[in-house]
Every structure is written in C-alpha cells, then in structure tokens.
1. Could I get the Rg over Rh figure for region 494-576? Both from C-alpha atoms, Rh via Kirkwood, rounded to two places.
2. Using modelled amide H (1.01 Å from N, peptide plane; none on Pro or chain starts), what sits under 5 Å from the amide H of Ala506, excluding residues fewer than 5 places away?
3. What number, in percent, do you get for the relative contact order of region 69-199 if the mean sequence gap of Cα pairs under 8 Å and at least 6 apart is divided by its residue count?
4. Once the Cα atoms of helix 315-341 and of the chain are each reduced to a long axis, what angle between those two axes, in degrees from 0 to 90 to the nearest 10, is obtained?
5. Pairs of Cα atoms under 8 Å, at least six residues apart: use those to get the relative contact order of region 469-577, whole percent.
6. Rounded to the nearest 10 degrees, what's the angle between the helix 297-310 long axis and the longest principal axis of the chain, both from Cα atoms, 0 to 90?
7. According to a simple spin-label model (label point 7 Å from Cα along Cα-to-Cβ), what is the distance in nm between Asp495 and Arg478?
8. Separation between the Trp26 and Val306 pseudo-spin-labels, each 7 Å from Cα along Cα→Cβ, expressed in nm?
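Just so it is clear, none of the values below were taken in a lab; they were calculated from the coordinates. Predicted model only: the values in this text are computed from it and were never measured. Because the Cβ atoms are built from the backbone with ideal geometry, glycine has one as well, and the counts that use them run over all protein chains shown.
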Amino acid sequence: MASGSDVMERPAVPTGTPPAAPARRWLVPLLLCAGWVLGVAWRMWLSRHIALPIAHTDEDSYLNTARALAGGPGGFSSENDLLRRVGYPMLISPAFLGDRDFADSYRLVQLINAMVNSALLPLAYLLGRRVLRLPRASALLAAVVAATLPATAFYAGVAMIDTVMAPLVVAWLLAVHRWIERPGPLAAATVGLLVGAFHLLHSRGLVIVAVHAGLVLLLFVRRRITAVAVLAALLPVLAMALVNEAGIHVLGNKVYLLGSTPGGGTVAAVASGQGVVRVAAAVTTQLWYLVVITFGLAGIAWAAAVRELWRPRHGDATRWTMGVALVVSVGVASGASVILAGITGKPLDAIYGRYVQMLAPFWLLVGLGVLLTAQRRVVLRRAAVAVGLLVAGGALVAVRLAYVASRGHSLRYGGFGAPDLMALTGGWREMRPVVGTLLAIGACVLLVATVRVPRLRLPVLGALVVVNLVTMQVIDQRLVRPMAASTAPTPRVADVGVRPGERVWASTGVHYILRFNLSHQVTWTDVRWFREQPPAAAQVVFTRWAPGEPDDWDGARYGFVRLGGNVRQHWAAWRRV
C-alpha cells in the first residue's frame, strides 16, 4: 500500500490459488437478493400507517399526474412550466391502471417505491467493491448501512421522487467510474442514460446535466474519449429530455399547473450582498447537515476526495469520480438554496435537506472506505477535517438562527426539511445545531477509535445499522404516525354516500390538506375548487363545517343537502337536491 493511501488496492491473488467454490461464488448474490427482499419488506412495514398522502403538495402533484398518465382524470400540480418533470409519475403510473380504490393504488405506489429504494443495497455493495476496494464482508455491511440510512429510506413511504434519487446517484457514479476506467461508447451511453434519467425525474437533474456536459467536454479536450463517445454520452440525455416533453404533450391540459416559474424573484433574492450571504448560509447549513447525519463520515470523505484531486493515488477513475461527486454536491446545495431563496410569500427554511439527501449514502460509503482501509495517521487527518467542518458549520448555523431571531423573524422548520436530524438531535420544533455538532463529533471519534481494531470493524458497522433502524422507528412514531393521523379525513368519502360518477367540487374553505386527501378518494373525476357558490355542474361538494363561525357553509342556500362529514375536522359533504 502506498504511503498515506486512503483506499487500499485490491490484494493480488497468489498464483495457483484455486477458484472459489460454486456455492461460495453464489453466496454474495444470494445475500444481496435476500437483503433486497428484506429491505422492501422493512420499507413497506414502515409505511403501514400512511394510507393517504402526508407530504403536500408534492405528493398530490405526482399522484395526479401519474393517474392522468394511466388514463384516468388529472388534477392540479404545484409544478411550473420551466421545471416540470414527468419521470416519477411515469414510474408510479401503473399503480393507477384499472378500477381500484385510491388506498390500493397508494399502497402499490409505496411498493414501487420500496422496490426501487431497496436497490441501493446491491448498488452500494458494487461501489464498495469496485471503487473503494473493500473486502466482501465489509462491503456487504457497509452497503446495509447505506441502504438503511434514514435520509434514503424515509421517502419510500410517500409518493415523492426522493425515493429514487439516492440509488440513482450511486448507479451514476459507479457508471462514471467504469467509463473513466474503460472508455467506450457503451459505457458512455450508460452514463448518459443515467444523467438523462436525472433530468427526466427532477429539476435538480439540471445540475447533474451541467456537470455531465463539463465532464464530457474535459474528457474530449484531453483526448481521453472520441467523438463517437461524446455522441454516445450526450444523445441519451437529449432523448430523455424529449421523453419528458412527450409525456407533457400526452398529458395535455388534464393536469393544470399552479406553481410560479422562477424569474425576477429568484434574481432579486441573490442580486445583493445580503442575498449572497443568505444563500451561502443556506448552502453551508445543507453541507453541515450531510456531515451530521453521516456521523462525520461525509466530512472524512470530502477530505479524502479533495486529497485525491490534488495528489491522486488510486487511478484516474477514482480521481474523476470523486471530482464529479464534489462538484455535484456543492452544485445541488447551491442550486436548491438559490431557487428556494426566490420563493416569496413564506419564510425561508432553517434547513431544507431534501435535495442533498440523495448524496448522503455515497459520501457515507466513501467515508467508511477511508476508515476501513487507510493508515492510522491518514484517518486521523481526515477525521480532524471532519471535526473542523462540524464545528465551523454548527457555529455558522447557530449564528444564523440567532441573527434571524434577533431581527424578530423565524425560519421555517418543517418535518420534511430534515426528519433524520430532528430524530437524532431531538429537535422536533427547532434546529439544535450545537447538539447536532456534538453528536456527530462524538460518533466520529468513536468510529475512528473502534474501526482501528480489526475484530471490531464488522460489529461497528452492525451497530450503525441498528442506529439507522432505531432512528427510523423514532421518526415513524414521533413524526409519521401523528402526521398521518392528523391529515386523514374521517369518515371516508364512500362512507358518507358519495357515489362513483358524481361530479365533485371542493371549497377552498376546507383546509388544503383535508381538501387534497378528500379529493384523492374521488378516483373517477378531477375535483376542482370553488370559493363560495358552487358551479352549476357540481353534484357533490366538500365544504367547511364550522357551526357558529362566520365561514360555516350553508348548502341549503344553494339547494344542497348535507350527507355527513366531520365537524371537528371542519369539513362536510353536500349533494345537490
């Protein structure tokens, strides 16, 4: 091993060593298949309490679009024309084929999510073996740690695109490594197809498309790839962009957009010194968050990746892959912060980790690779960098929160901004940057100390898996279950007598979450909205039910009779006489 190496080279097999027995050769694939099945079952078990969407309005947008793609009625979407994507609705649209209740379709969406999300396990194992050169046992357990990471597993239970992103990131960076290692049109096309998938799925894919274009240009200028490989790498991206446009064309006007296109507000938000500082603080918060939720391992990985860029020791493939991953991490965090800064009408987020969470498993694996294979002094140096990042980042986050509070404002802090950070720090109502920093530093020091003892390495990885499982259980009990219980309208639409085929409208006086979840249960038509007087075409309406209050809706004035509802949830269903 080279002095100061971060990752060990694959040990040479002595001449004359007999090949592995057939049974042993099949052991790892069997374990990966079994792990994938268990991962799907675990994710479905975690989502058992979620019978209706809890992440509004993202889930509503994807579900309405998926239903329309499957040939059913459409509905609204919170997307805008510029950033509209149909990749995830395409993926889950089979759940809406046929005539079934929404609850059944939603459960099928969760199953599709679980199957895709659990694919992170074999992908993480391949990354550990091919890029990080880990032994089989260590690669397997490290893959389980990555696959159970709450930043990844949390989104499998809801109809959100984030369930796909983490496996796709690992698959893409694996493909980049393979392409640099063995250039060729097929490898280039594979990378291009995965980049195109990012573009088809979400607007953050624009960052990855830009990085991909830069990578292709650099490789071509340095004569590492041919013109044929350039075309092979770029054409799939163009093809996926065309698929997205074709999907939008197929939808027509069945799905109507309510989102505003980023424009002057976004530019104004960053076109000043104060705006730049605000965005920089948001970027730092997201990067600090990544280091915390990976117990310092992301910081160790970043230090190793930067070292690899300046003084490569593991070949060009690793060097280029790490460089791409670093640029994408900063790019996604920056892009998300700029877009969010331009959204008007609501306070800024204290943290919005959704966009960078997809990178957490990759950096966790790289950090584990450093801990498990590097020399002691190298590990200590990398860990010192991680601790420095945690301290500096935590201090900046604390100062940011204190400054905003001193000005009489507050930053928004919701359950989907960083659920794992909430569970790890106990910060269910506010961010606790000092607690997060101390927790991550303690975990990082403990990991560095224990993995140096060979017999403790596998038990330590097993302990990380247990921490992930416990964290997910805490999130389920403290966040998911209460949210599912508070956002589910009772009784069901069918139980109050709403019949299939009836034209249904909903009043904007009904709280938007209950209005959305009532509307989802109407699977045969698109539920439109009205303010006070329902349109003449409406046969059934959902309205506010609040006796004694000024905004209580009296359907008798418009020729309706109340079917039922829930006065405590302030909604009622009415049918026209």
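1. Taking Rh as the inverse mean 1/r over Cα pairs, Rg/Rh reads 0.91.
2. Arg528, Trp529, Phe530, Phe542
3. That works out to 23 percent.
4. Helix 315-341 sits at roughly 30 degrees to that axis.
5. Once normalised by length, the contact order is 25 percent.
6. 50 degrees
7. It is 3.1 nm.
8. 4.9 nm
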